[in-house]
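Accompanying notes for the structure given below.
The values are calculated or read from the model by the stated rules, or taken from the named source; none is laboratory data. Predicted, not measured: the structure shown is a model, and the values here were computed from it. Quick reminder, even Gly has a Cβ in these numbers, built from the backbone with ideal geometry, and neighbours come from all protein chains shown.
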Amino acid sequence: MSSIKLTQAVGLGGANNLNDVKAVQTALNKLLKLIPPTQSLKIDGRLGSRPDISKTVAAIKLFQSKVLNMLRPDGRIDANGRTHRKMNEKLLSIEAMANVNTSLEMPVTKAFWMKTAVNEVGESEVAGAKANPQILEYFKASKFWGSDDSGGQNAWCGSFVAWVMKQNNFEPVKNAFRAKEWTNFGKPIYKPVYGAIGIKSRQGGGHVAFVVGQSADGNYLFMLGGNQSNSVKVSKYKKEVWDDFVVPSNFDASSTHLPIYTQKASIAGSEA
């Protein structure tokens, strides 16, 4: 679905034609990451006898609030109106990302939290005062108070790791938004394995990311992390820059290994 066409308005006070409502419900289901905690909507083309309390209208309002920054969401999508145009913009963005191979093949591993981390590849900052709602969810997981995802003061690598681990029922460390605090998580290991959390120093602070592989010569590590050139991605680092590696306390590091990484990656860049 690249975009949706509407013949008339959908939502509160709208004509709510069956096919228009179905199109909006389908689109909102494609955009669920932008409007947490919304659950998948039933695509039935109906808003019920009380549209004001329908889940579809609630999702429209949440989209208007989180994505359009409306102070008073009206729960209505006018054909070619502001909400309709922004919805199509986001749908086109998702389609563009789908055409870029951001997916990673996971090795057979007991580091089950990595499925969550891999699924986040491609999430990126929004320039200016606005923010990617998913990155704000990372902030919540680490108890970071920021409302903007860009700029050095809002570095979010630690928040990304906190969100991933919290999704898998691990309690993040205190002050998880500070990368170097992750040295206090779980237990240390002395050789990196797939899924381990790596911590390193950088100018002005630290950086934290998940290990996903090594180069054939063993001199480089490939790390999946947040805020790597302002997005969630895999980047290539010299092995010696990483100071510490940790895993959950109950994780048997001998049950996994460090594979040779042959997939897409970028050279390590900005982490602030």
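Annotation note: of Val67, Val57, the sole residue that is within 22 Å of the chain's Cα centre (by Cα) and in contact (Cβ under 8 Å) with a residue 12 or more places away in the chain is Val67.
Taking strands (runs of 3 or more DSSP E) as the structural unit, those lying wholly within the range 175-243 and holding at least 2 residues that are modelled with pLDDT under 95 correspond to 197-202, 205-214, 220-228, 231-238. Taking the conditions (1) modelled with pLDDT of 95 or more; (2) of a type in the set (A, V, I, L, M); (3) more than 30 Å from Val126 (Cβ to Cβ) in turn, Ala253 satisfies each one other than (1). Remark: pairs (first residue in the range 31-48, closer than 15 Å to Glu137 by Cβ and touching a residue at least 60 places away in the same chain (Cβ under 8 Å); second residue buried (at least 17 other Cβ atoms within 10 Å of the Cβ) and among the aromatic types (Phe, Trp, Tyr); Cβ separation under 8 Å; 6+ apart in sequence or on different chains) = Leu31/Phe63; Leu34/Phe63; Ile35/Phe63.
Is at least one residue of the range 3-20 of a type outside the set (A, V, I, L, M), over 21 Å from the mean Cα position of the chain (by Cα), in a helix (DSSP H, G or I) and at pLDDT 95 or above? The answer is yes; a qualifying residue exists. For the range 70-94, the candidate set comprises residues that are in contact (Cβ under 8 Å) with a residue 60 or more places away in the chain, more than 17 Å from Gly13 (Cβ to Cβ) and touching a helix residue (DSSP H, G or I) at 6+ places or on another chain (Cβ under 9 Å); within that set, the residue that is surrounded by the fewest Cβ atoms within 10 Å (Cβ to Cβ) is Ile94. In the range 114-121, the count of residues that are part of a loop (DSSP other than H, G, I, E, B) and in contact with a Lys or Arg (Cβ under 9 Å, 6 or more places away or on another chain) is one or more.
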